[in-house]
């Protein structure tokens, strides 16, 4: 972890604002690593902006018939995420407010993450930072570095099932959801692994 903090810190001291991406499949530990990095660097140096804040709302997923595919690329506002990254790259003089995803609500909430103009490093984490289809293709050029997390598959799946159960899903339903939906997304995400600057096996 010390080496990763040092690498992130080096990005933060280059002058202009930098954006570090942390990518990987569901359950890889992206949000945990991002939070640990930001905690080590301190709030004046780094802020975490999650891609998950651009989940479409449940009502919109239902309207589009995508409720059973939540988490797939088409269930996010990719263009909105790209627009936010562009704003973050040119911070100006005002605080930028980013959305976040609240698992207790299963909904994105606008204005959840303030990013002050003098914060030199934004850490953004999410599944599709390296995805190269449609609007997602514009994400990678906006990131200074991307780290890809590749933990043991069984460990990752266990984490996912536990997460779904903690948030109210029946264990059998959680296992079926992971096998059908999360793992389909994981295979798609893995196709972008070679576009990362650093690949990390995580415990």
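Below are the figures for this structure:
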| read-out | value |
| --- | --- |
| Matching residues in the range 155-203 - criterion: being touching a helix residue (DSSP H, G or I) at 6+ places or on another chain (Cβ under 9 Å), part of a loop (DSSP other than H, G, I, E, B) and under 16 Å from residue 30 (Cβ atoms) | 192, 202, 203 |
| All strands (runs of 3 or more DSSP E) inside the range 90-134 with 2 or more residues being at pLDDT 95 or above and out of contact with any helix residue (DSSP H, G or I) (no Cβ under 9 Å at 6 or more places or on another chain) | 107-115 |
| Selection within the range 37-54 - closer than 16 Å to residue 120 by Cβ and in contact with a strand residue (DSSP E or B) (Cβ under 8 Å, 6 or more places away or on another chain) | 37, 38, 41, 45, 46, 47, 48, 49 |
| Residue list for the range 19-44, restricted to those being part of a helix (DSSP H, G or I) and either in contact (Cβ under 8 Å) with a residue 60 or more places away in the chain or within 15 Å of residue 146 (Cβ to Cβ) (or both) | 30, 31, 33, 34, 37, 38, 41 |
| Answer from 73, 99 - the residue that is under 22 Å from residue 29 (Cβ atoms) and touching a strand residue (DSSP E or B) at 6+ places or on another chain (Cβ under 9 Å) | 99 |
| Complete set of residues in the range 120-137 that are surrounded by fewer than 20 Cβ atoms within 10 Å (Cβ to Cβ), touching a residue at least 60 places away in the same chain (Cβ under 8 Å) and on the phi < 0 side of the Ramachandran plot | 120, 132, 133 |
| Any pair with Cβ under 9 angstrom, 6 or more apart, that starts in the range 53-73 at a residue that is on the phi > 0 side of the Ramachandran plot and surrounded by 13 or more Cβ atoms within 10 Å (Cβ to Cβ) and ends at one that is in a loop (DSSP other than H, G, I, E, B) and modelled with pLDDT of 95 or more | 71/127 |
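The rows are residues; the columns are (1) in contact (Cβ under 8 Å) with a residue 12 or more places away in the chain; (2) in contact with a strand residue (DSSP E or B) (Cβ under 9 Å, 6 or more places away or on another chain); (3) loosely packed, with under 14 Cβ neighbours inside 10 Å; (4) on the phi < 0 side of the Ramachandran plot.
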position	(1), (2), (3), (4)
145	yes, yes, no, yes
152	yes, no, yes, yes
161	yes, no, no, yes
167	yes, no, yes, yes
171	no, no, yes, yes
174	yes, no, no, yes
182	yes, no, no, yes
185	yes, no, no, yes
189	yes, yes, no, yes
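The values are calculated or read from the model by the stated rules, or taken from the named source; none is laboratory data. Being a predicted model, the structure only gives us computed values, none of them experimental. Every residue, glycine among them, receives a Cβ derived from its backbone with ideal geometry; neighbour counts consider all protein chains shown.
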